[in-house]
1. Give me the pairs: first residue in region 86-105 and among the basic types (Lys, Arg), second residue modelled with pLDDT of 80 or more and open to solvent by 10 Å² or more (accessible area, probe 1.4 Å), beta-carbon distance under 6 Å, and six or more apart or on different chains, which are they?
2. Which number in (1) within 21 Å of Leu223 (Cβ to Cβ); (2) out of contact with any strand residue (DSSP E or B) (no Cβ under 8 Å at 6 or more places or on another chain) marks the one condition that Pro414 misses?
3. Only residues that are β-branched (Val, Ile, Thr) and over 30 Å from Pro243 (Cα atoms): list them for region 384-430, please.
4. Given the options Gly386, Gly406, name the one that is in a loop (DSSP other than H, G, I, E, B), farther than 19 Å from Asn218 by Cα and over 27 Å from the mean Cα position of the chain (by Cα).
5. Residues being in a loop (DSSP other than H, G, I, E, B) and not hydroxyl-bearing (Ser, Thr, Tyr): count how many of those fall in region 76-98.
6. For the list (1) within 30 Å of Cys113 (Cβ to Cβ); (2) at pLDDT below 90, I need the number of the one condition that Leu361 fails.
7. Going by the structure shown, is Ala160 of a type outside the set (D, E, K, R), open to solvent by 10 Å² or more (accessible area, probe 1.4 Å), in contact (Cβ under 8 Å) with a residue 60 or more places away in the chain and in contact with a Phe, Trp or Tyr (Cβ under 9 Å, 6 or more places away or on another chain)?
8. Of the conditions (1) open to solvent by less than 40 Å² (accessible area, probe 1.4 Å); (2) of a type outside the set (Ser, Thr, Tyr); (3) at pLDDT 90 or above, Arg318 satisfies every one except a single condition; which number is it?
Amino acid sequence: MADDQDILTMPRDQIAELQVQKLKRTLVHCYEDIDFYHKSFDEAGFDPYAFNSLDDLRKAPFVTKQDLRDGYPYQMVGVPRSKVREIHMSSGTTGVATVAAYTQSDLDNWADCFARSIEYADGGPDDVAQIAYGYGLFTGGLGAHYGMLRSGATVIPTSAGNTERQIRILRQMGTTILACTPSYAMHIADTAIGMGVDPAKDFHLRAGIHGAEAFSDNFRRELERKLDYKVLDIYGLTETGGPGLAVECLEQDGLHVAEDHFYVEVIDPATGKNLPDGEWGELVVTTLDREASPVVRYRTRDVTRILPGSCACGRTHRRIDRLHGRTDDMLIIRGVNVFPSQIENVMKAFDQVSSWYQIELTTKNYLDVVTLKAEVNPSFDIDDIGQIEGLQRRIQAALKAALSVGVRVKLVEPQSIPRSTGKAKRVIDLRKE
């Protein structure tokens, strides 16, 4: 097989041929070694032995997170336990976790995929990578760790938390690449500034590999201004093997899918029909060479699109756009579908407001009420009641115009919305309390 650089610039017809060959093996593996797929393929009338083209995959049934939960703990694992080298799990906030098992080959491929984030940042053995994702069952920390090691970079596994120590290490150890959630990177920046540290001058960063949660272009610009580095988005899910499925390059023009390891589709979430490149819909992922926990046509619930055309960087792997939201965190407000990212897009037009916000859902007289709590920037005088009320009214009017639904706005002091070392909690649902 060609080396990694050749794979990243492989002609499109050769990429498709490689995907077909890998899919033939994966589909048979799923059918013969995992009872769920044997049953679901048969029920859908899908014959894995007759698969010959990428279009044939559209005949295969979807798999959902609930299917994976129903198979907890080992029913969706396709290899003997003796071949499993590592297990990760989702948070299981709804009661039952989803399990991701890895053979040694799976771990090697995962490391290769995440290592591309360093290559896309024009990095390598001369870099010092500080990993502030949480280590453990969450895939972020160890996925970044394996990938950074594979890239040849020096790795500092700080894990999440202990922010003041993170700042000392960033200043003293020559860290050039920071890997963590974008919200925690912002928390590091704000904490450093509060300590009298100027991150743009006192840190040595040149790139950040930030994933596990969506963030806006406005949030990216603010991070880049405060930390004086380039922010690259990375995407992946526990169910598909962790971060590294797709990564931005320095062009910041979409995330390159690791198409030698994954096949992606975008579908209409209501009909399940495939959408053409350029149209927004739900991302569907099929793993091409996972042994322990393969997934076929996994409905991610993430909303994105496949970007048409090629990237200026010269790499040929298709790109997905940065996430627009999720089909399952979509807010239905009096019959109108609203994504939190749409609210954030309206907010970024107001310089007085920072990137920190929470959406609070309550009920009054049997109707849903949505309140946007947003921090003002430190330069804004929050004690000036007239200014605050006027700004709240302008933001509410902009939201009404953009969303066709009313959203209450409550502006709060800087640093008053709780921070987290992991994913930022953007939506607080109090309707059942």
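1. Correct list of pairs: empty, since none qualify.
2. (2)
3. Restricting attention to region 384-430, the residues satisfying the condition of being β-branched (Val, Ile, Thr) are 385, 388, 395, 405, 407, 409, 412, 417, 421, 427-428.
Passing the criteria: Ile385, Ile388, Ile395, Val405, Val407, Val409, Val412.
4. Details: Gly386 fails: in a loop (DSSP other than H, G, I, E, B).
Unique residue meeting the criteria: Gly406.
5. Just the residues of region 76-98 that are in a loop (DSSP other than H, G, I, E, B), to begin with: 76-80, 84-85, 90-98.
With not hydroxyl-bearing (Ser, Thr, Tyr) added as a condition, the list becomes 76-80, 84-85, 92, 95-97.
Matching residues across region 76-98 total 11.
6. (1)
7. Values: of a type outside the set (D, E, K, R): yes; open to solvent by 10 Å² or more (accessible area, probe 1.4 Å): yes; in contact (Cβ under 8 Å) with a residue 60 or more places away in the chain: yes; in contact with a Phe, Trp or Tyr (Cβ under 9 Å, 6 or more places away or on another chain): yes.
Spelling it out, Ala160 is indeed of a type outside the set (D, E, K, R), open to solvent by 10 Å² or more (accessible area, probe 1.4 Å), in contact (Cβ under 8 Å) with a residue 60 or more places away in the chain and in contact with a Phe, Trp or Tyr (Cβ under 9 Å, 6 or more places away or on another chain).
8. So the condition that Arg318 fails would be (1).
The values are calculated or read from the model by the stated rules, or taken from the named source; none is laboratory data. As the structure is a computational prediction, the values presented were derived from the model and not from experiment. In this analysis, Cβ positions are derived from the backbone assuming ideal geometry, glycine residues included, and neighbour counts consider all displayed protein chains. Ligands, DNA and RNA are excluded from the accessible area calculation, which covers all protein heavy atoms including side chains. Shrake-Rupley method; radii C 1.70, N 1.55, O 1.52, S 1.80 Å.
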